[in-house]
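First up is the structure itself, then whatever we jot down about it.
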Amino acid sequence: FSLITAMRSWNVLATSVACCRFHSYVKELRVSAKRLEKRSCLQSFRLIGEAQCRRCGILIEWDPNEGENEGESESEGESEEPHYCSLCSGRYIRRIVRRSKESL
């Protein structure tokens, strides 16, 4: 879902070989992924966000002001009530607990 949103911000020449604009973009995605795979390691690559949508998987910054009266679950570090996702519009955003091995 988030890849489709990202692809919508690209300016790609739709080829006549593809059956449609969407599949032209999917082909460009494959080409781009191959280029990225060949790059040297990017040690500064880190995930962003303190929350994740359990529906679409996007990571976002946690907004502590949304649902101010919602309690915190100390054992899991999650809000009892999820926040709304701006990408898929579902109420699936939950605070995440960072796992060890941050270097991966």
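Give the residues of region 39-58 that are part of a strand (DSSP E or B) and touching a Cys at 6+ places or on another chain (Cβ under 8 Å), sorted by residue number. Before you say what the answer is, go through the steps one by one.
Within region 39-58, the subset part of a strand (DSSP E or B) is 51-53.
Cys53 - this is the single residue of region 39-58 that is part of a strand (DSSP E or B) and touching a Cys at 6+ places or on another chain (Cβ under 8 Å).
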Of all the residues that make up region 6-30, how many are part of a helix (DSSP H, G or I) and open to solvent by 60 Å² or more (accessible area, probe 1.4 Å)? 5
Six or more apart or on different chains, Cβ under 8 Å: which pairs go from a residue in region 82-97 that's touching a residue at least 60 places away in the same chain (Cβ under 8 Å) to one that's assigned to a loop (DSSP other than H, G, I, E, B) and not aliphatic (A, V, I, L, M)? Could you list them? Leu87/Phe1; Leu87/Cys56; Cys88/Phe1; Cys88/Arg55; Cys88/Cys56
Only one of (1) within 17 Å of the chain's Cα centre (by Cα); (2) at pLDDT below 85; (3) surrounded by 10 or more Cβ atoms within 10 Å (Cβ to Cβ); (4) assigned to a loop (DSSP other than H, G, I, E, B) fails for Arg94. Which number is that? (4)
Flagged pairs (Cβ under 7 angstrom, 6 or more apart or on separate chains; first in region 5-23, over 18 Å from Gly57 (Cβ atoms) and without any contact (Cβ under 8 Å) to a residue 12 or more places away in the chain; second charged (D, E, K, R) and open to solvent by 100 Å² or more (accessible area, probe 1.4 Å)) are Ala14/Arg21; Ala18/Lys27
Conditions (1) without any contact (Cβ under 8 Å) to a residue 24 or more places away in the chain; (2) open to solvent by 60 Å² or more (accessible area, probe 1.4 Å); (3) closer than 22 Å to Arg8 by Cα; (4) out of contact with any strand residue (DSSP E or B) (no Cβ under 7 Å at 6 or more places or on another chain): number failed by Arg55: (1)
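The values are calculated or read from the model by the stated rules, or taken from the named source; none is laboratory data. What you see is a predicted model; the values in this text were computed from it and never measured. Virtual Cβ from ideal backbone geometry, glycine too; neighbours counted across all protein chains shown. Areas reflect the complete protein model, heavy atoms only, side chains present, ligands, DNA and RNA absent. Shrake-Rupley method; radii C 1.70, N 1.55, O 1.52, S 1.80 Å.
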